[in-house]
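J.: Just dropping this structure here.
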Amino acid sequence: MTQIKDVVRKIRIAIHDEDCINYDDRDVLNVINAGLRVIRRTIAEIQPELIMDTTAGILKAGEDLITLRHIPLKIIELTAGDKVLSSTKDFASKKVRSNFDKIFGNATHIYSQYDAKIFDEKPLEETTFHHIQNRSAVGRPRRFYRVGMKNLKVHPKPEKETAYTLRTVDDIEELKFHDSLPLMKEFEDFLIEYASTRLALSNEYDMQQEQQVLANIHAQITQILMPPPAGVIVKGYW
């Protein structure tokens, strides 16, 4: 991936400011972060799978709260299920099982055995808190809703062990100069185009011109990512 400092250099070449006379690095970096958010929002709208994060876990009986590590920009799908399709026994550290060294002073992790289960998960319907009527209901989860920025609740409350898989587009932190650009090369060109135009318009700001740039970038990303229409089989009359 391209380093941010290299992106800054390309933008300075485009706006003829290689000597850092008109803009300092902080100004350029702020515009890069703004452009990155624009591009990510467009990707999340058209094909979010490209920037999707997946989180899996297990809810114990009576647990209905899922705590997220990051604030999600978009929740693509949450699946859950309590039906076990298969269960196999596995070992946390197979080397220890046949290790004949003395226990005292041995730094090897303690051997343990656990059940590896595969659950039948089905998509849950997204709703909101005020649409939940019987909030004390218990059973197989069928819906979920957000509770604050980093929490989800499933409903009804699981009556037994339930696996879940969450697919989201997470919010990102501001990029720093030592970071790498989290985009493919094709989208890097869009970011440089946005940043160069935005900086060039900063002295004589024109909202109409910026909107035109954003519309052009959105159209180009759409052309790249938009999947072809599904095939349709039409039967004849005879």
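Values in this text are rule-based calculations from the coordinates and carry no lab data. Since this is a predicted model, take the numbers as computed values, not measurements. All Cβ positions, even for glycine, are placed from backbone atoms using ideal geometry, and neighbour counts span all protein chains on display.
J.: Can you check what the net charge comes to around residue 55, using other residues whose Cβ is under 10 Å from the Cβ of residue 55 (Lys, Arg +1; Asp, Glu -1)?
T.: Neighbourhood net charge equals 0.
J.: A follow-up question, please. Measure off 7 Å from each Cα along the Cα-to-Cβ vector at residue 208 and residue 117, then give the distance between these two points in nanometres to one decimal.
T.: It works out to 6.4 nm between the two label points.
J.: May I pose another question? Compute the distance in nm between two label points, each set 7 Å from the Cα along the Cα-to-Cβ direction, one at residue 9 and one at residue 67.
T.: Here the modelled spin labels are 4.4 nm apart.
J.: Something else now. Tell me which GluC sites (Glu not before Pro) from the stretch 161-204 have a DSSP coil assignment and no more than 12 other beta carbons within 10 Å of their own.
T.: 173, 174, 204
J.: Cα centroid distance between the stretch 9-80 and the stretch 134-204, in Å?
T.: Between the Cα centre of the stretch 9-80 and that of the stretch 134-204, the gap is 7 Å.
J.: Also: Where the eigenvalues come from the Cα gyration tensor of the stretch 113-206, what are the semi-axes √(5λ) of the equivalent ellipsoid, largest first, in whole Å?
T.: On the way: eigenvalues 381, 83, 26 Å².
Working from the Cα gyration tensor, I get semi-axes of 44, 20, 11 Å.
J.: First select every other residue whose beta carbon is under 12 angstrom from the beta carbon of residue 146; then total the charges, Lys and Arg +1, Asp and Glu -1.
T.: Numbers: positive: 74, 143, 150, 153; negative: 126.
After counting each charged neighbour, the total is +3.
J.: Moving on. If amide H atoms are built 1.01 Å from N in the plane of the peptide, which residues on other chains or at least 5 residues away come under 5 Å of the amide H of residue 137?
T.: Amide H neighbours of residue 137: 157.
J.: Would you mind checking 83/185; 150/176; 117/157; 122/150; 122/185; 122/176 for any pair whose Cα atoms are more than 32 angstrom apart?
T.: Values: 83/185 43 Å; 150/176 24 Å; 117/157 21 Å; 122/150 22 Å; 122/185 36 Å; 122/176 40 Å.
Violating the 32 Å Cα-Cα cut-off are 83/185; 122/185; 122/176.
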